[in-house]
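Below: one structure, written as structure tokens.
The values are calculated or read from the model by the stated rules, or taken from the named source; none is laboratory data. Owing to the predicted nature of the structure, the values given are computational and were not obtained by experimental measurement. No Cβ is skipped: glycine too gets one built from the backbone with ideal geometry, and neighbour counts run over all protein chains shown.
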Amino acid sequence: MSPRTTRRERLRWLIALDIDGTVMCEDGTIQDDVRSQINRAASLGHEVMIATGRSVAMTLPVVDRLGITPKYIVCSNGAITLKRDPSAPLGYVRDLVETFDPSEVLTTVRANLRSANYAVEDEDGLSRYTGSFPDGALGAGSEKVEFDDLLTQRATRVVVISPEHGLEDFLEIVDEMGLHKVSYNVGWTAWLDIAPDGVNKSTALERVRGLLKVPRSRVLAVGDGRNDIDMLEWASVSGRGVAMGQAPDEVKAAANELTASDLDGGVARLLERL
């Protein structure tokens, strides 16, 4: 580091937090002590940021609720990185966008899951979809289209949900498909998130870490879902990868620390010791 680097900068952590099931409970609430400890960590000079599978439109309102203004935000499971720009209408601009042609993976998945519902998110964070999705799952401005219309646009993320399948059956079907040309994660339910090949939360965070010049030993990542596995493994190499208490076993195995569940304020319990 430069001789002019302050002690505060030398001691700061890069803290990457997932949203759903981590800083936010399933019912959409953010506990007061979680918000308080996140703001305390930021006030101490640590770089507290969000790394989520959510689209930009679904992420920025949560950042506002938390009351933080991180230099970078990772959305869409690493496909979109935002950079702070107070002059921009939403306070952030797109710093890096990774896209892919979704046509091959969509046709492959549809051949195995004929009755599933599909959505394609573009680089502007807008989604076009077929079938039906839970209210609020795709954000404002989403458009219902025919399946073939999904094959014509570059994607930052493809989402597949199949409510008729149990999670174990869904995992087995996805495994049998052999989706080798993309990155993908299965959620808590029969929900499949597909990203550009080699892109995930950890790849975006490693780039951010380099830009911020934070050493690998001072990264702390917290998450609860299968889309957090790469991020937790990345953080655990030299820093701290922390799984929430309610996380599936494979997510806990990717971490080198555990904290309490979201309902028990796991993020607050972790950060209050920072």
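For region 163-183, indicate whether the set of residues that are part of a strand (DSSP E or B) and not acidic (Asp, Glu) is non-empty. Yes - at least one qualifying residue is present in region 163-183.
Just to be sure I understand, how many residues within region 186-205 are part of a loop (DSSP other than H, G, I, E, B) and surrounded by 24 or more Cβ atoms within 10 Å (Cβ to Cβ)? Matching residues across region 186-205 total 1. Taking the residues in region 127-162 that are part of a loop (DSSP other than H, G, I, E, B), within 15 Å of residue 195 (Cα to Cα) and not β-branched (Val, Ile, Thr) as candidates, determine which candidate is modelled with the highest pLDDT. Across region 127-162, the extreme among qualifying residues is 154. When 239, 223, 245 are checked against the criterion of being within 27 Å of residue 157 (Cβ to Cβ) and touching a Gly at 6+ places or on another chain (Cβ under 9 Å), 223 stands alone in meeting it.
Of all residues in region 227-274, those being surrounded by 24 or more Cβ atoms within 10 Å (Cβ to Cβ), over 14 Å from the mean Cα position of the chain (by Cα) and among the acidic types (Asp, Glu) number 1. Out of the residues in region 118-155 that are more than 22 Å from residue 59 (Cβ to Cβ) and among the small types (Gly, Ala, Ser), which is surrounded by the fewest Cβ atoms within 10 Å (Cβ to Cβ)? Residue satisfying both the conditions and the ranking: 132.
Per the conditions (1) in contact (Cβ under 8 Å) with a residue 40 or more places away in the chain; (2) surrounded by fewer than 24 Cβ atoms within 10 Å (Cβ to Cβ); (3) closer than 23 Å to residue 76 by Cβ, the sole criterion not satisfied by residue 224 is (2).
For residue 90, the conditions (1) closer than 22 Å to residue 197 by Cα; (2) touching a Leu at 6+ places or on another chain (Cβ under 8 Å); (3) assigned to a loop (DSSP other than H, G, I, E, B) are fulfilled apart from (1). Confirm whether residue 145 is in contact (Cβ under 8 Å) with a residue 24 or more places away in the chain, aliphatic (A, V, I, L, M), within 21 Å of residue 105 (Cα to Cα) and not assigned by TED's automatic domain parsing to the domain that holds residue 15. Criteria not met by residue 145. Among the residues of region 238-274, those identified as more than 13 Å from residue 226 (Cβ to Cβ), in contact with a strand residue (DSSP E or B) (Cβ under 9 Å, 6 or more places away or on another chain) and in a loop (DSSP other than H, G, I, E, B) are 239, 245, 256, 259, 262, 274.
Say whether the condition of being in a loop (DSSP other than H, G, I, E, B), within 17 Å of the chain's Cα centre (by Cα) and among the polar types (S, T, N, Q) is met by at least one residue in region 53-60. Yes, region 53-60 contains at least one residue that is in a loop (DSSP other than H, G, I, E, B), within 17 Å of the chain's Cα centre (by Cα) and among the polar types (S, T, N, Q).
Among the numbered conditions (1) crowded, with 21+ Cβ neighbours inside 10 Å; (2) assigned to a helix (DSSP H, G or I); (3) touching a helix residue (DSSP H, G or I) at 6+ places or on another chain (Cβ under 9 Å); (4) in contact (Cβ under 8 Å) with a residue 40 or more places away in the chain, the only one that residue 208 does not meet is (3).
For the structure I just gave you, tell me whether residue 65 is closer than 27 Å to residue 11 by Cβ, in contact (Cβ under 8 Å) with a residue 12 or more places away in the chain, among the charged types (D, E, K, R) and in a helix (DSSP H, G or I). Answer is no for this residue.
Yes/no matrix, rows are residues, columns are (1) at pLDDT 95 or above; (2) over 24 Å from residue 84 (Cβ atoms); (3) of a type in the set (Phe, Trp, Tyr):
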residue: 191; (1), (2), (3): no, yes, yes
residue: 206; (1), (2), (3): yes, no, no
residue: 214; (1), (2), (3): yes, no, no
residue: 225; (1), (2), (3): no, yes, no
residue: 257; (1), (2), (3): yes, yes, no
residue: 272; (1), (2), (3): yes, yes, no
